[in-house]
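Here's the structure, in structure tokens; my notes come after.
None of the figures in this text is laboratory data; all of them are computed from the coordinates on show. Being a predicted model, the structure only gives us computed values, none of them experimental. Here the Cβ positions follow ideal geometry from the backbone for every residue, glycine too, while neighbour counts run over all protein chains shown.
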Amino acid sequence: MQEQTFKKILFPTDFSVASDYALAYAVSVAKQFKAKLFILHVVDMSYDISGFYIPHISAETLQQEMKDWAEKMLKKLTIRMPRSIKAYESAIKIGVPHKEIIKFAKDKDIDMIIMGTHGKTGVDHFFFGSTTERVLKQADCPVLTIRPPKDILVKKRA
Ligand code: ATP
Ligand code: MN
């Protein structure tokens with residue numbers, strides 16, 4: 001039996017409450033395995049923003065603003081990183097979230113992905129959000145999904 005090591009952990013985040021809940025687990029696992037923690041946000045380009053009517057803002061400007069916002073959010077998140085985490089790296093990609101997450105995991109040779117079962121949408125009658133479902137199906141490495149307590153998921157009216 002070949003023992004497995006977890007030296008590189010990927011935590012993809014959409015900055016939602018549900019993904020924030022998963023961060024504590026990513027941090028604990030990284031700490032216990034003395035692993036490097038990668039934090040990735042994907043500026044979601046899976047829908048066509050060119051169809052939105054936003055006066056005086058071009059698609060490029062909007063994309064840049066989303067990137068700036070993501071940078072601020074990542075900074076806030078890394079400020080909360082405990083000292084026990086020896087190494088971490090944060091990254092922003094632009095594209096379709098699950099595709100970028102899977103590509104990042106391949107490129108960086110990630111040993112385990114730790115993510116929320118849900119994200120921003122947070123509809124809890126689905127077992128998983130669509131990003132997590134696709135990552136679970138397509139990732140080459142183990143994926144640990146963290147289900148937040150029901151009361152912290154945003155309840156959607158039917
Ligand atoms: P859906 O997107 O299907 O409407 P949802 O938003 O509740 O539902 P997901 O998008 O699958 O669920 O989110 C689950 C997890 O996937 C999040 O907790 C986060 O870890 C990760 N994730 C989602 N979107 C992104 C993103 N844009 N960048 C990085 N990670 C993401
Ligand atoms: Mn989502």
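For the range 34-40, in order, what is each residue's ³J(HN,Hα) by Karplus, 6.51 cos²θ - 1.76 cosθ + 1.60 with θ = phi - 60°, in whole Hz (x at glycine and Pro)?
Karplus values, whole Hz, x for Gly and Pro: 6, 9, 8, 9, 9, 10, 10.
Kindly state, as a whole number, the per residue volume in cubic angstrom of the convex hull around the alpha carbon atoms of the range 89-128.
98 Å³
Would you mind telling me which residue in HIS118, HIS56, HIS98 has the biggest mean-square fluctuation in a Gaussian network model of the chain, where springs connect alpha carbons within a distance under 10 angstrom?
Top of the fluctuation ranking is HIS56.
If you average 1/r across every pair of different Cα atoms in the range 1-90 and take the reciprocal, what Kirkwood value do you get, in Å?
Final number for the Kirkwood radius of the range 1-90 is 15.0 Å.
Can you give me the long-range amide H partners of TYR88? Hydrogens built in the peptide plane at 1.01 Å from N, cutoff under 5 Å, separation of 5 or more residues or another chain.
LEU37
I'd like to know how the chain sits against the 2.2 N^0.38 Å rule of thumb: what's its Cα Rg over that expected value?
1.07
Mind checking which of VAL42, VAL27, VAL96 has the largest fluctuation in a GNM of the chain, springs on alpha carbons under 10 Å?
Judging by the Gaussian network model, the answer is VAL96.
Order of 35-41, 122-128, 102-108, 79-85 by packing, highest average Cβ count within 10 Å first?
Per-residue mean Cβ counts within 10 Å order the peptides as 35-41, 102-108, 122-128, 79-85.
Compare THR13, THR121, THR131 in a GNM of the chain, Cα atoms joined below 10 Å, and give the one with the largest fluctuation.
THR121
Among DSSP beta bridges lying fully in the chain, give the percent that are antiparallel, nearest 5.
Here the share of antiparallel DSSP bridges comes out near 0 percent.
In terms of modelled amide H atoms, which long-range or inter-chain residues lie less than 5 Å from the amide H of LYS8?
For LYS8, whose amide H was placed from the backbone, the distant partners under 5 Å are LYS36, ASP111, MET112.
What's the magnitude of the charge dipole for the chain around its Cα centre, counting Lys and Arg as +1 and Asp and Glu as -1 at the beta-carbon? Answer in Debye, nearest 20.
In total the dipole reaches around 540 debye.
Hey, what number do you get for the chain at 222 nm if only DSSP H runs of n ≥ 4 count, each worth -39500 (n - 2.57), divided across all residues, to the nearest 500?
-11500 deg cm²/dmol
Mind listing the long-range amide H neighbours of VAL42? Cut-off is under 5 Å, sequence gap 5 or more, other chains count too, H placed in the peptide plane at 1.01 Å from N.
THR13, LYS93
Whole-Hz Karplus ³J(HN,Hα) for the range 79-87, in order, using 6.51 cos²θ - 1.76 cosθ + 1.60 and θ = phi - 60°, x for Gly and Pro?
So the J values, rounded to whole Hz, are 4, 7, 5, x, 5, 5, 7, 6, 9.
Provide the per-residue ³J(HN,Hα) series for the range 107-120, in order, calculated from phi with Karplus coefficients 6.51, -1.76, 1.60 and θ = phi - 60°, each as a whole number of Hz, with x at glycine and proline positions.
Per residue, the Karplus-derived 3J(HN,Hα) values read 4, 9, 6, 6, 8, 7, 9, 10, 8, x, 6, 10, x, 4 Hz.
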